[in-house]
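J.: One structure coming up, written as C-alpha cells, with questions to follow.
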Amino acid sequence: TKTPVTVTVTGAAGQIGYALLFRIASGQLLGPDTPVKINMLEIPPALKAAEGTAMELNDCAFPLLDSINITDDANKGFDGANVALLVGARPRTKGMERADLLKANGGIFGPQGKAINDHAADDIRVLVVGNPANTNALIASAAAPDVPASRFTAMMRLDHNRAISQLAEKLNVPVADIKKMLVWGNHSADQYPDVSYATVAGKPAADMVDSAWLEEYFVPTVAKRGAAIIEARGASSAASAANAAIDHVYNWVNGTPENDWVTAGVASDGSYGVPEGLIYGFPCTSKGAEWEIVQGLELSEATKAGIQKNIEALESERDAVRELGLL
Ligand code: NDP
C-alpha cells in the first residue's frame, strides 16, 4: 500500500471544514488509492468542536483514513504536511476597515506560512480558501522563504465552477460539455468571469450568448453568487466551497483533463501583464506536479479591462499589507 499523505486543514471545525473533511477522508481529494493522515488545526475555543468532527470521521470507518491529529499549535499542525488547506480566517465584520481585516488575517497567515516553512514536507502544496484568499496566500508565501512561491495558491475554482454552472443553465446543456471556462483575477466582486475561450460541445460559447447577457447577467451573477446563497440559505456557501477546494487539489495532484484547463489562483510570472508575484486567477493546467499558466491567449478589450481592474484591486491589497509590515 501507498504511504499516507498528510493533509492539514485549518479552521477544521468550521462550516467549510465540516463539508471538506469527510470527502478528504473518503479519498476524493487525492484519489481512491491514497491513504490520508488528517491534521486539524483550530483555535482553542474550537478544539472541542473539532474533536466532535473527528469522532464522526472515525465513525465513518473510512478505509483510507490513517489517523487524525487535532491541535491549536501551527508547528504541530503543519508538521510533515504534504497538502495544506487554509480555511480558517478572520471574517470581515460590520464596519470593519479593510486595513483591520488585512491585519487580523496577517496575524493568522503570517505565522502559518512560517510554520509551513519550518515544518511541512518538501512537496507541500498550499491552497488558501479563507478570505481575502489571494492576499492571504501572498502573506503566507512571503512568510515561507524556503518554499517555492508556486506552492502557495488561492481558491478561484468555486468562481470557475459557478461560471460553468451559469453558462450551462443559460444554454440548457450539460456542464460536462463546457470546457475552458475562465475567471481572471481576485476572488472578490472584481473578478472577471470570461467565456471568450469557452467551448460548448466543442463550439465557441461566445457565439451562443450575447454581450448584454454576459455583461448584465453572467458576470455579476457569478461574482455575487456568494451573497445570493447567504440570502437564500441564511448561511454562507460551505459545501460548494469545500467541493471547489477538493477539485483544485485533485487536479493539481492528479492533473487536469486533456484539452481543458481550470482556474487557479497562482503566483504570477508576468503572464498577461499581471505583475510578477501577485496571486491571480489564471487559466491553468497541471500534469500532476506544478500549475502551469496557459500561454498565448488573445485578449479582447473587455478581457484586458477585466484583468486590469483585478490587478489594481490586488496591488492595492498588497500595498496595504506591505504598509502593515506583513510582506
Ligand atoms: P467557514 O468555514 O464558512 O469559512 C471559512 C473561510 O472560508 C472564511 O474566511 C470564508 O470567507 C472563506 N470562504 C472562501 N470561499 C467561501 C465561500 N464560497 N463561501 C463561504 N466562505 C468562503 O467559516 P466558519 O466561521 O464556519 O469556520 C471558520 C473556522 O475557522 C472556525 O472554526 C474558527 O475557529 C476557525 N479559525 C481557525 C484559525 C486557525 O486555524 N488558526 C484562525 C481563524 C479561524 P468569508 O468570511 O469571506 O465568507
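The values are calculated or read from the model by the stated rules, or taken from the named source; none is laboratory data. Quick caveat, the model's predicted, so the values are computed rather than measured. Cβ sites come from the backbone with ideal geometry, for glycine too, and all protein chains shown count toward neighbours. Each accessible area value is taken on the protein alone, full model and side chains, heavy atoms only, with ligands, DNA and RNA left out. Shrake-Rupley method; radii C 1.70, N 1.55, O 1.52, S 1.80 Å.
J.: Restricting to the stretch 119-141, count the residues that are over 19 Å from TYR250 (Cα atoms) and touching a helix residue (DSSP H, G or I) at 6+ places or on another chain (Cβ under 7 Å).
T.: Here the count works out to 9.
J.: I need a count of the residues in the stretch 102-154 that are of a type in the set (Ser, Thr, Tyr) and open to solvent by 30 Å² or more (accessible area, probe 1.4 Å).
T.: Qualifying residue count, the stretch 102-154: 1.
J.: Let me ask something else about it. Tell me which residues, restricted to the stretch 181-226, are touching a strand residue (DSSP E or B) at 6+ places or on another chain (Cβ under 8 Å), assigned to a helix (DSSP H, G or I) and over 16 Å from MET156 (Cβ atoms).
T.: ALA205, PHE218
J.: Another question, if that's okay. Of all residues in the stretch 257-269, which are under 17 Å from ALA154 (Cα atoms) and open to solvent by 20 Å² or more (accessible area, probe 1.4 Å)?
T.: Answer for the stretch 257-269, where residues must be under 17 Å from ALA154 (Cα atoms) and open to solvent by 20 Å² or more (accessible area, probe 1.4 Å): ALA267, ASP269.
J.: Report, ordered by the first and then the second residue, all pairs with beta carbons closer than 7 Å, sequence separation of six or more or different chains, a first member in the stretch 148-168 that is closer than 16 Å to CYS284 by Cβ and in a strand (DSSP E or B), and a second member that is away from the ligand (no atom under 16 Å from the Cβ) and not β-branched (Val, Ile, Thr).
T.: Partner pairs satisfying both residue conditions: PHE152/SER141; PHE152/ALA267; THR153/TRP291.
J.: Starting from residues that are of a type in the set (S, T, N, Q) and within 13 Å of PRO275 (Cβ to Cβ), keep the ones in the stretch 302-327 and report whichever is surrounded by the most Cβ atoms within 10 Å (Cβ to Cβ).
T.: This residue is ASN310.
J.: Name the pairs whose Cβ atoms lie under 8 Å apart, with the first residue in the stretch 63-81 and at pLDDT below 95, the second in a strand (DSSP E or B) and not small (Gly, Ala, Ser), and 6 or more positions between them or separate chains?
T.: none
J.: Restricting to the stretch 3-29, name every residue that is assigned to a helix (DSSP H, G or I), open to solvent by 10 Å² or more (accessible area, probe 1.4 Å) and under 26 Å from ASP122 (Cβ atoms).
T.: Residue satisfying the conditions is ARG23 alone.
J.: Given the criterion more than 16 Å from the ligand (Cβ to nearest atom) and either polar (S, T, N, Q) or within 14 Å of the chain's Cα centre (by Cα) (or both), identify the matching residue among SER141, SER165.
T.: The conditions single out SER141.
J.: Additional query: Quick one: what pairs do we get from the stretch 103-121, first residue aliphatic (A, V, I, L, M), second within 9 Å of the ligand (Cβ to nearest atom), C-beta under 8 Å, 6+ apart or different chains?
T.: What qualifies is ALA104/ARG90; ILE108/GLY88; ILE108/ALA89; ILE108/ARG90; ILE108/GLY130; ILE108/ASN136; ALA115/ALA74; ALA115/GLY77.
J.: Give the residue, chosen from ALA163, ALA115, ALA142, ALA133, that is under 17 Å from GLU276 (Cα atoms) and modelled with pLDDT of 95 or more.
T.: After ruling out the rest, the residue left standing is ALA142.
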